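Encoded as structure tokens, the structure appears first; notes follow it.
The values are calculated or read from the model by the stated rules, or taken from the named source; none is laboratory data. Values in this document were obtained by computation on a predicted structure and should not be read as measured data. As a convention, Cβ positions derive from the backbone with ideal geometry for all residues, glycine included, and neighbour counts pool all protein chains shown. Heads up: the accessible areas ignore ligands, DNA and RNA and are worked out on the full protein's heavy atoms, side chains in. Shrake-Rupley method; radii C 1.70, N 1.55, O 1.52, S 1.80 Å.
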Amino acid sequence: MNNEKLRSMNKDSFDIMLENALIPDIVPPLELEREIILRSKKNKTWFKGFTKAAIIIISITAIGSAGVYAASRLGKNKDVQVIDHGIAVGNSEYINEDALTEENKPVSEEIKEQTEGNENVKWRKKNVIETGGSYINTMYYYDSYTDALADAGFVNWFKMDYTGHDITYSITEGKYDDLRIESVSSFFNYKNGCFYLYQEIAKSGFADDAAYVLQLKNTNNKREYVSSEKETYTLVDEIKKEDNEESVMTYVMINYDEYSGYISFKDLSEDEIHEVLDSIVLE
């Protein structure tokens, strides 16, 4: 998808593209939702309301400025901008704060394939879903985080051996253009809480100066942490209120080389979050 194609997209087409960005991340298959709910009843570190955020890649005509990047920082991880409804990296001229708060139109989904794994593959289940008539999402489900990384050809960001749950390797492709995004995601239990990791590579279909935006309801308590590996991370809290209860999710966006992604933390202290960040090696 070149810049001319992106500039000519109408509002409906952009809604489909935006909603498609949310499908693998925010709308898990029903069996996965049920699995998470069942785990939450058995193990309190799995909890109701652990909503995954969405990374939206924007490379359309510049529609406003959202600020300027800091000059320098330690490590490979790129500097980020914290805006009212998200965390962003890339071309600030592409970031439109108002667009992040607009309600997306419903987009059609059609299941094209459901396949169980076997002894010849590492995945245990495969689903293929067409979104909005324009995008194909192929999702592989695993019991092993390292198996998903191996199939994707991704680097393991952790030097620690964490045990993953609800692990997915996803491929999103455009039916009518060369768009292709590959991603790996997983939940991890840690001490009395847990964290969620999402990492992706935009293989094709986006401009070199695209903006990557992690969409959140709100952003609070921005701070920085320099890990033991000399990487600089910007931590941001999202505060949610459900059933008269307030909860806090902490997010860290990771962008280096061809990778973009994030980690979200729940029910972990600041020191415990730092322990996880200290275990990351960006190679």
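The listed peptides 128-137, 218-227, 194-203, ordered by packing as a protection proxy, come out as 194-203, 128-137, 218-227 (highest mean of other Cβ atoms within 10 Å first). Across region 253-267, computed HN-Hα scalar couplings (Karplus, 6.51 cos²θ - 1.76 cosθ + 1.60, θ = phi - 60°) run 8, 10, 9, 7, 6, 8, 8, 9, x, 7, 10, 10, 10, 9, 6 Hz from first to last residue, x flagging Gly and Pro. Per-atom-type breakdown for region 89-220 gives carbon and sulfur 42% of the accessible area (1.4 Å probe, protein chains only).
Could you rank the peptides 155-163, 81-89, 143-151 by their average count of other C-beta atoms within 10 Å per residue, with the highest value first?
Averaged packing, sorted descending, gives the order 81-89, 143-151, 155-163.
Taking amide H as placed 1.01 Å from N in the peptide plane, Gly164 has its amide H under 5 Å from the amide H of Tyr145, each at least 5 places away in sequence or on another chain.
Here region 89-186 is described by how far its Cα atoms reach on the three principal axes: 45, 35, 24 Å, from widest to narrowest.
Entry comment: accessible area of region 160-283 is 41 Å² per residue, from protein heavy atoms only and a probe of 1.4 Å. Using a probe of 1.4 angstrom and keeping all protein chains present, the accessible surface of region 73-143 works out to 53 square angstrom per residue.
For Arg124, the residues whose modelled amide H falls within less than 5 Å of its own, excluding neighbours fewer than 5 places apart on the same chain, are Tyr141, Tyr142, Asp143. Ligands, DNA and RNA excluded, the heavy atoms of Asp267 present near 90 Å² of accessible surface to a 1.4 Å solvent probe.
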